[in-house]
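> Structure in structure tokens, see below.
The values are calculated or read from the model by the stated rules, or taken from the named source; none is laboratory data. Quick caveat: nothing in here was measured; it's all calculated off a predicted structure. Cβ coordinates were reconstructed from backbone atoms using ideal geometry, including for glycine residues, and neighbour counts include every protein chain displayed.
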Amino acid sequence: MRTIFSTLILLFTITTYGQLVKKNCLVLPAKVKDFTASGTSTFLQLDKEKGKHEHFVSYHPNGQKSKEYFQRNGIKYDTLNRWTEKGELLHREVYSDSDYIHINYYSASGQILEIGAYKMRVTNPENLAVYDSATFNRYFTFECKKPCYIRTGIWKEFDENGNLERTGEYLPMQFMFTAPTKDSSGYEIRAENTDFEMKTEISYLGLLTYLKDRTWTYYNDKGIKTKEEFYRRGLRLY
């Protein structure tokens with residue numbers, strides 16, 4: 001009699017739980033693994049709708065985590081972290097609804113190397129071409145992929161001991177420029193720019209960067225200001 005009673009209770013519990021799962025649309029994570037030459041990556045689908053809510057983790061070949069973040073509808077939230085193969089923190093992004101804090105670290109010491117902010121923008125920033133006559137580099141605005149984030153506010157850079165080295169602002173948008181390279185004994189060697197025009201005998205590599213703007217201030221290891229540089233639309237004035 002006790003066995004029958006226990007069985008009935010168990011069946012009632014399972015049935016009730018099943019109804020709650022159906023009522024509240026509980027979805028168990030679907031795990032997808034991807035194996036690559038650089039390690040493995042895992043997507044955990046946290047919603048019944050594909051791509052709606054995901055947890056992403058990638059690993060170095062030695063099994064250490066290399067990157068981890070969460071995203072909803074393709075937009076990251078909470079925190080994104082990157083680590084070295086030794087498990088040392090290399091990079092962190094802390095997200096809010098409309099912006100995020102960007103932090104780079106010295107992996108060996110754990111000290112902050114660079115910190116600044118990005119904010120979300122609905123439309124692409126203005127198209128801008130910058131010609132630097134000192135280096136003959138040509139910079140063109142790089143198309144911002146959605147969600148589009150642009151640099152904002154004062155950025156700070158530090159030395160390995162945690163001392164502030166420089167502070168300043170950037171133009172908000174990211175730029176692409178072509179760095180000339182040339183073949184020498186089977187290797188790609190960086191060539192000096194001598195002309196804004198691309199030359200057929202030299203190969204070029206497309207690179208992405210941010211350009212300084214307004215006032216940049218530099219400090220020594222005692223925190224004393226040593227110099228200032230002034231920029232306008234990516235070019236140094238003095």
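> Filter the range 78-119 for residues that are hydroxyl-bearing (Ser, Thr, Tyr) and either surrounded by 15 or more Cβ atoms within 10 Å (Cβ to Cβ) or within 20 Å of ASN161 (Cα to Cα) (or both) and give the result. Reasoning before the result, please.
Step one: of the range 78-119, the residues hydroxyl-bearing (Ser, Thr, Tyr) are 79, 84, 95-96, 98, 100, 105-107, 109, 118.
Matches in the range 78-119: THR84, TYR95, TYR100, TYR105, TYR106, SER107, SER109, TYR118.
> Here's something else I'd like to know. Between a residue in the range 74-97 that is farther than 16 Å from TYR118 by Cβ and any residue that is assigned to a loop (DSSP other than H, G, I, E, B) and of a type in the set (Val, Ile, Thr), which pairs come within a Cβ distance under 6 Å, given they are 6 or more apart or on different chains?
Listed pairs, sorted by first residue: LEU90/THR84.
> If you don't mind, there's one more thing I want to ask. With the condition kept exactly as written, say whether any residue in the range 73-83 is modelled with pLDDT of 95 or more, at positive phi and either in contact with a strand residue (DSSP E or B) (Cβ under 7 Å, 6 or more places away or on another chain) or among the aliphatic types (A, V, I, L, M) (or both).
yes
> If LYS227 meets every condition in (1) exposed (fewer than 15 other Cβ atoms within 10 Å of the Cβ); (2) touching a residue at least 24 places away in the same chain (Cβ under 8 Å) apart from one, which number is that one?
Every listed condition holds for LYS227 apart from (2).
> Let me ask something else. GLU192 - would you say it is outside any strand (DSSP E or B) and free of Cβ contacts under 8 Å to residues at least 24 places away in the same chain?
Values: outside any strand (DSSP E or B): yes; free of Cβ contacts under 8 Å to residues at least 24 places away in the same chain: yes.
Considered against the rule, which asks whether it is outside any strand (DSSP E or B) and free of Cβ contacts under 8 Å to residues at least 24 places away in the same chain, GLU192 comes out as yes.
> Tally up the residues in the range 72-112 that are assigned to a strand (DSSP E or B) and within 15 Å of the chain's Cα centre (by Cα), please. Spell out the reasoning first.
Our first condition is that a residue be assigned to a strand (DSSP E or B); within the range 72-112, this holds for 72, 75-83, 89-95, 99-105, 112.
Then keep just the ones that are within 15 Å of the chain's Cα centre (by Cα); that gives 75-83, 89-95, 99-105.
Qualifying residue count for the region: 23.
> Within the range 55-66, count every residue that is surrounded by 17 or more Cβ atoms within 10 Å (Cβ to Cβ), in a strand (DSSP E or B) and in contact (Cβ under 8 Å) with a residue 24 or more places away in the chain.
1
> Oh, and also: Are any residues in the range 116-148 aromatic (Phe, Trp, Tyr) and within 21 Å of ARG236 (Cα to Cα), and if so, which ones?
TYR131, PHE136, TYR139, PHE140, PHE142
> Confirm whether ASP132 is surrounded by fewer than 17 Cβ atoms within 10 Å (Cβ to Cβ), in contact (Cβ under 8 Å) with a residue 40 or more places away in the chain and under 30 Å from ASN220 (Cβ atoms).
Here the answer is yes, as ASP132 does meet what is asked.
> Would you be able to say whether some residue in the range 133-151 is part of a strand (DSSP E or B) and within 25 Å of SER107 (Cβ to Cβ)?
Yes, the range 133-151 has at least one match.
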